[in-house]
Amino acid sequence: MGTVYIKMFLRMEISMKELWKYFEKNDHDISLDECGIQQFFPNQAYAYITYKNFVLHYIESGTGYYEINNERYTLSAGEGFIVRRGTKVTYYGDKENPWKYYWVGLSGRHLKSYISLTTIKDSVVLKYPDNSQAASIIMEICHFTKNNQDSSSNTVWYKFKVYELLWILSKEFRDKDYSLELPQRSYEEIAFDYIQSNYTKRMTITDVANYIGISRSYLYRLFKHKYELSPQEFLQEKRLQTAKKLLKNTSQTINEVAYGVGYENQLLFSKNFKKEFGMSPTRYREMTTEHE
């Protein structure tokens with residue numbers, strides 16, 4: 001296949017591109033630049049020099065081919081590839097079973113430092129682990145965007161998901177050698193990991209601050225500066241997003257769901273859930289059941 005850079009070629013029918021969403025640019029620590037979903041036609045291809053910072057793909061089904069640095073990779077479901085700024089790339093779907101993939105594009109002042117914690121820091125292709133949470137988050141971001149085109153009203157959700165994705169990548173693609181040179185983690189990073197690991201417990205932000213050994217107000221300033229969310233916003237978002245999944249995918253009672261994500265009071269859980277999603281937990285479960 002000849003390579004024609006800065007061009008897109010072959011058939012590019014819009015109907016096959018389920019989603020391609022660009023987000024407003026900013027200079028945040030970490031930013032979501034774009035996301036998308038695409039089912040390729042047989043042999044449909046793209047070739048260009050990329051200007052984007054870091055675009056992570058997850059292949060849901062089918063087979064395709066990725067050409068970069070004079071190498072050609074055959075990729076299929078459960079695998080993925082990475083596009084980085086300034087690289088010449090060509091990728092195309094198989095003529096018999098073309099791939100469908102999801103992607104998210106990331107940038108930010110500290111993106112490189114986050115990715116450096118993982119084995120994908122120098123990778124161009126990757127294989128996601130079975131039942132990969134990272135892959136699930138990529139798809140979740142894309143499906144959420146497809147169903148909620150007004151991204152400006154969901155800023156907190158997107159921030160939460162991007163940081164959660166990076167955290168999961170650091171777990172699923174952990175660089176074991178990096179620990180030899182890993183600098184001391186900051187208080188806010190310790191708090192982030194602690195909340196991710198303990199949100200199902202009866203835990204407050206004061207408990208988090210006490211665990212680290214700093215005041216709650218100091219933790220607030222550090223956490224807010226780094227993640228653009230307060231610790232309380234992050235904790236609540238983690239709990240409520242998990243609750244949504246439990247309501248949709250399990251038969252647990254509302255009280256069991258509330259308790260399972262760290263709430264002692266079902267009424268407070270229901271109040272926060274309705275404030276966040278515009279409906280009660282009961283109504284949300286009914287709605288998801290109606291659409292099945």
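When Met287 is tested against (1) closer than 29 Å to Tyr220 by Cα; (2) part of a helix (DSSP H, G or I), just one condition goes unmet, and that condition is (1). Within the range 20-66, the residues that satisfy the criterion of being closer than 26 Å to Thr119 by Cα, without any contact (Cβ under 8 Å) to a residue 60 or more places away in the chain, of a type outside the set (Ser, Thr, Tyr) and surrounded by fewer than 20 Cβ atoms within 10 Å (Cβ to Cβ) are Ile49, Lys52, Asn53, Gly62.
Given the options Phe234, Phe144, name the one that is assigned by TED's automatic domain parsing to the domain that holds Lys112 and either buried (at least 16 other Cβ atoms within 10 Å of the Cβ) or assigned to a helix (DSSP H, G or I) (or both). It would help to see each step written out before you state the result.
Numbers: Phe234 fails: assigned by TED's automatic domain parsing to the domain that holds Lys112.
Going through Phe234, Phe144 in turn, the sole match is Phe144.
Of all the listed residues (Phe192, Phe273, Phe269), the sole one being under 20 Å from the mean Cα position of the chain (by Cα) and among the aromatic types (Phe, Trp, Tyr) is Phe192.
Being within 24 Å of Thr155 (Cβ to Cβ) and at pLDDT 95 or above, is that true of even one residue in the range 60-70? Break it down into steps so the answer makes sense when it comes.
Step one: filter the range 60-70 for residues within 24 Å of Thr155 (Cβ to Cβ), giving none.
The answer is no; no qualifying residue exists.
Taking Gln39 as the residue in question, decide whether it is of a type in the set (S, T, N, Q), touching a strand residue (DSSP E or B) at 6+ places or on another chain (Cβ under 6 Å) and farther than 30 Å from Tyr163 by Cβ. When the stated conditions are applied, Gln39 does not pass them.
Looking at the range 135-172 only, could you name the residues that are β-branched (Val, Ile, Thr) and either within 12 Å of the chain's Cα centre (by Cα) or modelled with pLDDT of 90 or more (or both)? Even if it seems obvious, please write down each step before you answer.
Looking only at the range 135-172, we keep the residues that are β-branched (Val, Ile, Thr), and these are 137-138, 141, 145, 155-156, 162, 168.
Hits for the range 135-172 are Ile137, Ile138, Ile141, Thr145, Val162, Ile168.
Say whether the condition of being of a type in the set (D, E, K, R), without any contact (Cβ under 8 Å) to a residue 12 or more places away in the chain and under 18 Å from Phe160 (Cβ atoms) is met by at least one residue in the range 245-252. Yes, because at least one residue in the range 245-252 is of a type in the set (D, E, K, R), without any contact (Cβ under 8 Å) to a residue 12 or more places away in the chain and under 18 Å from Phe160 (Cβ atoms).
Among the residues of the range 44-97, which ones are part of a loop (DSSP other than H, G, I, E, B) and more than 20 Å from Trp20 (Cα to Cα)? Give the steps one after another, and end with the answer.
Our first condition is that a residue be part of a loop (DSSP other than H, G, I, E, B); within the range 44-97, this holds for 44, 50-53, 62, 69-70, 77-78, 85-87, 94-97.
Hits for the range 44-97 are Asn69, Asn70, Ala77, Gly78, Gly86, Thr87, Asp94, Lys95, Glu96, Asn97.
All of Thr90, Thr145, Thr74 fail the test of being hydroxyl-bearing (Ser, Thr, Tyr), touching a residue at least 24 places away in the same chain (Cβ under 8 Å) and over 23 Å from Leu166 (Cβ atoms), apart from Thr90. Within the range 98-115, being among the aliphatic types (A, V, I, L, M) and either part of a strand (DSSP E or B) or in contact with a Pro (Cβ under 7 Å, 6 or more places away or on another chain) (or both) holds for Val104, Leu106.
The values are calculated or read from the model by the stated rules, or taken from the named source; none is laboratory data. Bear in mind the structure is a predicted one, so any value in this text is a computation, not a measurement. FYI the Cβ positions are ideal-geometry reconstructions off the backbone, even for glycines, and counts take in every protein chain you see.
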